[in-house]
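Structure below; questions to follow.
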Amino acid sequence: MELNATAASLLGLLHDGPMTGWDLVATAQSRIGSFWTLTQSQVYRELAKMSEAGLVRAGETGPRDRKPFTITTVGKRAFVDWLACEPAAEQIRFPLLLTMSFAGHLPPGRLDEIIQSQRETHAERLTEYRRQEPRLADDPQRLATLRFGIRHEQAVLDWFDELPSLLGSTRHSAP
């Protein structure tokens, strides 16, 4: 089985020990959710494929029909092989840019409201990332990932601050 990034991320998380699909979704949200999203349907689809390929093994069904999955030796090798390869090119998927591309179809003032709401969301995310930073001092890889998030959010906020001059409005700037 050729791993995609979603399957590989699940294998990476399973290195911490057996987890149910629900556990994997929750752990992914907590650990990588700020830069890589996983839906429950993706998780269960990938677990089924990986189980069939021998990369994970399902345990006994527990409460609420939940099955813990464990990474196998084959799965660990597949993960290391995937991890050693050059990552795929990133793609920007920024829903606000899609909204702005079609903003001519919005009623007057609605784009301003959307931009202000999005700016607040990014400002809150930056604050949260900065709050997490001291806790990751002993984990250089996760700290490097978080620092990327901090710089990304700061760049997005700088872009929001530039929007009034680009769009000819004054309502987009920081409060």
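What follows is calculated from the coordinates using simple rules that are stated; it is not laboratory data. Since this is a predicted model, take the numbers as computed values, not measurements. So basically every Cβ, Gly included, is an ideal-geometry build from the backbone, and we count neighbours across all protein chains shown.
What is the Cα centroid distance between region 75-152 and region 32-72, reported in whole angstrom?
Between the Cα centre of region 75-152 and that of region 32-72, the gap is 25 Å.
Okay, next question. Going by alpha carbons, how many degrees (0 to 90, nearest 10) lie between the helix axis of 40-52 and the longest principal axis of the chain?
Long axis of 40-52 versus the principal axis of the chain: about 30 degrees.
In debye, nearest 20: dipole of the chain around its Cα centre with unit charges on the Cβ of K, R (+) and D, E (-)?
On the way: 20 positive and 22 negative charges, 74 e Å.
Taking the Cα centre of the chain as origin, the dipole is about 360 debye.
Under the definition of Cα pairs under 8 Å and six or more residues apart, what whole-number percent is the relative contact order of the chain?
17 percent
Can you give me the relative contact order of region 95-167 as a percent, contacts being Cα pairs under 8 Å and 6 or more apart? Spell out each step's value before the answer.
Numbers: 27 pairs, mean separation 22.7, N = 73.
Relative contact order here is 31 percent.
Could you give the angle, 0 to 90 degrees to the nearest 10, between helix 110-132's Cα long axis and the longest principal axis of the Cα atoms of the chain?
50 degrees
Given that just one value was derived from the coordinates, which of [x] 38, 19, 15; [y] 26, 19, 18; [z] 28, 19, 14 is semi-axes √(5λ) of the Cα gyration tensor in Å?
Recomputing semi-axes √(5λ) of the Cα gyration tensor in Å here gives the entry labelled [x].
Let me ask something else. Say each of Ser117 and Asp81 gets a label point 7 Å from the Cα, pointing the same way as Cα to Cβ; how far apart are those two points in nm?
If labels sit at Ser117 and Asp81, their model points lie 4.6 nm apart.
Okay, next question. Would you grab the residues whose amide H sits under 5 Å from the one on Val56? Only those 5+ places off in sequence or on another chain, please, with H modelled 1.01 Å from N.
Amide H to amide H, under 5 Å and 5 or more residues apart or across chains, Val56 pairs with Ser51, Thr72.
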